[in-house]
Structures are given as structure tokens and as C-alpha cells.
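Worksheet: the structure to be examined is printed underneath.
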Amino acid sequence: MESRGDVTSAPDERMDDMAELKTRVAAFVRERVMPCEPVLDEGGPAAAAVLRDLQDQARRAGLWAMPLPVELGGQGIPLLPYSRLAECEGASDHGPAALGSAPLLDVLMLKRHGSARVREQYLKALTAGGLRTCYAMTEPDVPGTDPCMTGTRAVRSADGNWTVTGRKWFTSGAGEADLVTVLARTDGDASDRAGLSLFLVPTDRPGFRVVRELPVLGAGGQWEIDLDHVTVPGDHLLGERGTALAIAGERLQLGRTLRCLRWLGQAQRAFDLMCERANVRTGSRGPLAGRQLVQQHVFESLLAIRTTRPLVHEAVERIAAGLDAHVEVGLAKVAAARMLHHVVDAAVQVHGAAGLGPDTPLPALLRTGRAARILDGPDELHITSVARRVLRGHNA
């Protein structure tokens, strides 16, 4: 992520600028994006029209594509300062898309590992919001924690093109995507980590098919796709042949950390709703805020948020410094997923039956919190991975 801003400006001035920008981002998400969530959650043409309008508003407000590279049309805010903004953007699931930061992972991946043609053809359009992307790694009947067992195959033909065949599922945004990055085996068998490659596949290619939507606890957005001998240009191979796991690992570390930042924003939203409810809801013995068990919900939730935030930002700092962050990202991912689930559950409890109904965002936030413990790698994967790394270090 490139730097922006006047290097001659004083640090205090830059900090003031970022504080003001954070306030503006939070207000935009709260006042413009959140009221549109019922329409955006439904999907379809109406949601697409509302999202385009929000994106136009974000451009006019100077809030568009804040972490994306300047030369592509973004604002180039580096990862460290952007991480504070990401919490505010992520308070709504639709915030990153409305503010143009959603394609960050794809833009960085294609910028670093795409061919000259791929960079020229797609990067500016992605940054401008004219193209939509998704990432297809998980497959039916294949453990998502073991990508080496990927069944999707890519075969190179004499003309240099590739033919990709396989099926993927739980692919976010595939139903409306223009491009999908596909993990496929190009060499070897399931024990060969060096036999996997990544391909950028245009979804208008013959043989590409959206099979079905896969609702997650009742909500849409995840899809199953089928690739039946889809021809992919040779220069749409990302990186070198057989380097998929290295590229995916780079992407996943940043992607998981961004998710954690957004979960912090959503947890703060649920916490604020809980505190508001506790103060305004009055029974025969006064406001709920006077009840010790409600106070305990508030305390435990605040404790969870405050103790998780430093873990997440430690991961951000290591990634921004170019250091290995496997342990930090694993800790942050498990802690943030648990924290979100805990805080939203407490907010629902304080709201009572109202927390289960359609008049608050709590059901959607609760769904996100529960799914967070499985998507982007289940808790068990990160726990095992972190523990093994720590134990190896102590055995050295």
C-alpha cells in the first residue's frame, strides 16, 4: 500500500488530518450506508442501484478508495493509518464496498503478481468500481483447511492457454463478479504443495457457471460455481506456475487482518446499541442500566473489545513492516471472531425479544459473529497453527 500526503507536514498535523478523516468515515457509514442496509442486504437490481449511488456520494465526499494505490485512482493511505479507518468502514458489512476499499486485496494481488496485460486491463477499472472480483479457493467435499487437496485442475495447451475444470463453493460475491481468482492444481498430486497455481478467470468465458447461492444462516452472498473446461489466457496465470500457496498466504494474512478490523467496528456498533438500550429501556424498577447483570454484560463486552483491539493492531503493524505475522494474525483472527460473537450475543440479550427481530441490525451482526469462527479458517486451524509455531520456537 503506497503512501500519500505531504511528507513536509508535521506529524501532529497528519494525526489531526487522520482523526478528522476517521470522523468523516464513521459519519458516512452511520448516516448514509446503515440506513440503506435493508435494501443492500436483499441484493438484486435495487441493491445495485443503491450501492452505485452510495459510491458516487463517497467520491464526492473525498472518501473513495482510501487504501488503494494513487496511480490507480485511489488515495494511497498506508496500512497503519488506514487500519483505524477500516474499523469505521466495517461497522456495516456494506461499508467497504460503498467506500471503494473492498477490492483492496485483489488490486494488491494483481499489482504484485499479475502480468503486464492483466495490470493494464483490470487494475484501474477495479479501483474505479467498474469491475467486481471474487476469490475461489474452497471446494465441496474437500477440507477447506487443506488446499493441497484441491480437485480443480488446470491444463496448459499447445497455444499457451489454460483449460480450467472444477467446482468451488462459498465464494463471496461470485453471483455478480466479473473476475474470479481460482486456485487449481497444475502439477503433481495432493501431497505436492508446489503444484498449485492461481488463475484470473473472466466470468463471461464459456463453461463458467454460477450453480447456486449458498445462504449462510439465512443470508445470501456466498455462491457455488462450476468451471467446465474454461479456457483462460496464458497471461492470466498469477505469479509463477506452482506459487499459489505463497501468493494466497500473502493475501490471506492481510485479508484476515482486515476482517478483524471490520469485526471490531461491528462489535463497537453492537456495544453502542446495547448501552443505548440499557439506558432507555425502563421497567418497574427503573432503567436496565441499573441492573447488575446488565452491567456485567456491558463490562465483559467492553473488556472483550479493549483486549482484542491491541492484538489486531499488532498484526497490522507486523504486516505493514513486512515481518512474518502468522502468529499475530492467528491470535487476532480467533480473538476477534470470539469477541464479535460474544459482544453481539450480549447486546441481543439486553435487547430481549427486540434483539431477535427485524428492527435492529443485531441478528445480522450475530450471524456474522458466528460465521466468523468458521470462515477465513476455523478457530481450530488457527489455534493449531499458532501453537505449533510457538512450540517450534521454544524447541529451537
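Brief remarks on what is shown
- Residues of the range 100-112 that are in contact (Cβ under 8 Å) with a residue 60 or more places away in the chain and buried (at least 22 other Cβ atoms within 10 Å of the Cβ): 104, 106, 109, 110.
- Test: residue in the range 367-381 that is in a helix (DSSP H, G or I), without any contact (Cβ under 8 Å) to a residue 60 or more places away in the chain and buried (at least 20 other Cβ atoms within 10 Å of the Cβ): no
- Residue check, residue 179 touching a Lys or Arg at 6+ places or on another chain (Cβ under 7 Å), modelled with pLDDT of 95 or more and crowded, with 20+ Cβ neighbours inside 10 Å: no
- Selection count, the range 37-52, where residues are over 21 Å from residue 216 (Cβ atoms) and surrounded by 13 or more Cβ atoms within 10 Å (Cβ to Cβ): 1
- First in the range 123-149 and aromatic (Phe, Trp, Tyr), second anywhere and part of a helix (DSSP H, G or I), Cβ under 7 Å, 6 or more apart: none
- 2 or more residues over 25 Å from residue 267 (Cβ atoms): qualifying helices (runs of 4 or more DSSP H) within the range 72-153: 104-113, 116-128
- Qualifying residues in the range 225-279 (those that are among the polar types (S, T, N, Q) and part of a helix (DSSP H, G or I)) - the one surrounded by the most Cβ atoms within 10 Å (Cβ to Cβ): 257
- When residue 221 is tested against (1) on the phi > 0 side of the Ramachandran plot; (2) modelled with pLDDT of 95 or more, exactly one condition is not met: (2).
- Residue in the range 239-250 that is over 23 Å from the mean Cα position of the chain (by Cα) and farther than 27 Å from residue 323 by Cα present: no
The values are calculated or read from the model by the stated rules, or taken from the named source; none is laboratory data. Everything numeric in this text was worked out from a predicted model, so none of it was measured. Every residue, glycine among them, receives a Cβ derived from its backbone with ideal geometry; neighbour counts consider all protein chains shown.
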